Structures are given as structure tokens and as C-alpha cells.
Amino acid sequence: MGGSCRLPSWARIAIVTAPARLHDIIECFASRRVVLYGDLVLDRFVLGTPKRISREAPVIILRFETQRDIAGGGANALANLAALGATVLPVGVVGDDETGSSLLAVLAGSGVDVGGIVRLPGFRTVTKVRILAGGAASLKHQVARYDIEDHLPAHNGWREALMARLANVAPGAHAAAVSDYGYGVVSADGVARLRSALPAGAPTVADSRFGLESLGSVDGATPNLEELAATVGAMPRGDEEVASAAEALRKKLDARFVAATRGSDGLTLVETGKAALHLPVFGTDQVADVTGAGDTVLATLTLALAAGAKPQDAAVIANLAGGIVVTKLGTATVTRDELHRAVDLAPFVHE
């Protein structure tokens, strides 16, 4: 890859996954119902063309061109689930403000039923504003970012509404994804209630910004390397260290599996009673944008499990999805057609 003469990374692994089985799993996505319990975020992109340096301060003055609002955080996982054809059951909170209205409109436009999302008066919807600059015919680059991060109120009215929503939607779901960005929506009590309300055998998969161990027991988790490092106290390097750290986290969570995302090094899966599986990145290790890639992996892996996949097959499909989404600029989603093409093209997926 990238002009090097080393062996391709897929040469060091043995995949025993039949492409036909992966295609069947992907086709089942449209019949599945998945709960998404998590922090809903609006990603706002403000695009402009540089005019000149300001006389007031050493900063670029931009001529405003347009604004794009996209689902971020747990809302991005929702959008990915919808793009893959699933019926998504959101459990989350937005503010009763302009950005909350925009986020709900974005989700509704992607096919998500937003009727059960709690709108909280006085709460400012979590929003990440990225300012991008570039010429009219050139690629825009991020020059600044600011985040709106409010605190949820101390009273439990909103949390009681979330618990009621969980109790209402979980019994009809095939799986659940937990997307914890640390903004206070997700709690150990909520995860426990979610798991108890799901049908027998329906898995719960969690992704958390440095808080996985506080969420209690889950069936699976999708940490990145930084989150694994928080578990073992040092950044894991190489396949063996990553597998060891993932196994340590799996035991702490009493989970069936952990799928650790590794950026340009792909994904490592550890599963109870099985050898670690190291999946190379799909496509290229020269990524365009990693924004939201973890949300895509969480959504795709959970949906594959909901469709009846075993963790290994689910991890392969999620890894393909992650490889696709990082080739797209900004927060993005993946479709079933893209996944079908990836199954056919991936050199490490074969009979």
C-alpha cells in the first residue's frame, strides 16, 4: 500500500467467511429493528471563501457561502442505520432550540422516526461547528471549530422520559447500540434497563468516549485505540498488544466480544474462547476523513448482529463499512449497495 513493497496486510490473516453469507446478512438489514440509545449531536459545517486578512486581528475573513447540517455523534449512528435500511428506534435528547430542530429535520429526512426523541426546554443541543475555507473551485479545509456543550438539568423528568421510551421500544428490537459521547444521556442504569427490556438473545453493543467500563455489562463493544489505552494504561502497539488490551476490556465488561478499531490498521476482534482476528483496513490506508467512522462501525456491526451474523462476520462487514466511510469527506454514511460492492472487491474475503 502507498507504494511500499511490503506484503499486503491481508496476507497475514486467514478469513473463513463466505462472501455469499455476507451478502445474505446485508440483505437482511432492511427487516431489522435497532434501538440507538445515546448522545445526539449536530455537526454543522460553515463554508466560506477567503477574502483577506482582517485589519482587526491576524485572522482570515471569509465570505460566507453555505451551511450544512449533518447528524453527528449518536445521531450519526442513527443516520447510518437508516442508510443501511434498518428501522431505527432512537432514545435520546435534543434541546428545544434552532439546532435541535435542525437535527430532528436532518434525521427525519434520512428516514428516522424522531417522534420519540425527548425535546428538553432550556437545554442547548450539543453542536459541533466546523468552519471550512477554500476557493470556489478548490477543496475546503477546516480552519476553526467550536463546540456547544450544555449540561443536562439535575431534575430527572427527562431521564424518566428516556427510561419510558426504552421500555416501550426495546421489546420489539432485534439489537441495541449504545453511543456514549459523555454528555450525560447514557447511564449504567439506562443500559441495564435496555438490556432487560430487549428480547432474549438480542445483543447490546456499546461505544463510549472513555466510559465503557462505567456502563456495566454489555454483549460487545467497539473502542478505538485511545479508549483501549485508557483500559490498560498505555497505548497498545502491534497486533498482540491490541488483542491483549481488547481481551482485558472484554473481561471487564463481561462481554462476548470486543471489536477494536485501529484507524489505518483496520480492526481487531477478540471473542470468548477464540483466537484474535486482525482485519486490515479495506480500500486504502490513506484516508480522507475519519470523522464519524466509529459511529459507522458501531451501527453496521450492531445491525449485522441483528441480522443474525456471528461476531466474526459482523466485524468483517463493519470493517468494510469503516473503510468506505473514511474515503468520504465529513460525517458520512454507508449504503447496502456500497457494502455489497466491498464484499466483492475485498481481497481478504473469499471462500
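Rule-based calculations on the coordinates, nothing more; no lab input. None of these values were measured; they are calculated from a predicted model. Methodologically, a virtual Cβ is constructed for each residue, glycine included, from the backbone with ideal geometry; neighbour enumeration extends over all protein chains shown.
Sorting the segments 242-254, 294-306 by their residues' average number of neighbouring beta-carbon atoms within 10 angstrom, most packed first, yields 294-306, 242-254.
If you bin all the Cα-Cα distances of region 70-209 at 10 Å, starting from zero, the percentages per bin are 11, 38, 35, 12, 4, 0. Taking a straight Cα-Cα cut-off under 26 Å and skipping sequence neighbours fewer than 8 places away in the same chain, the lysines within cross-link reach of Lys51 are Lys128, Lys140. Using the average count of surrounding beta-carbon atoms within 10 Å as a protection proxy, the listed peptides 180-188, 150-158 rank, highest first, as 180-188, 150-158. Spin-label model, Ala20 to Ala136: label points 7 Å out along the Cα-to-beta-carbon direction sit 5.6 nm apart.
Once you've got the Cα coordinates, tell me which of Lys274/Lys310; Lys251/Lys328; Lys251/Lys274; Lys252/Lys328 are over 23 Å apart. Listed pairs above 23 Å: Lys251/Lys328; Lys252/Lys328.
A Cα-only calculation for the chain places Rg and Dmax at 20.2, 65 Å. With helices as the sole contributors, the chain gives -10500 deg cm²/dmol at 222 nm; each DSSP H run of n ≥ 4 counts as -39500 (n - 2.57), and the sum is divided by every residue.
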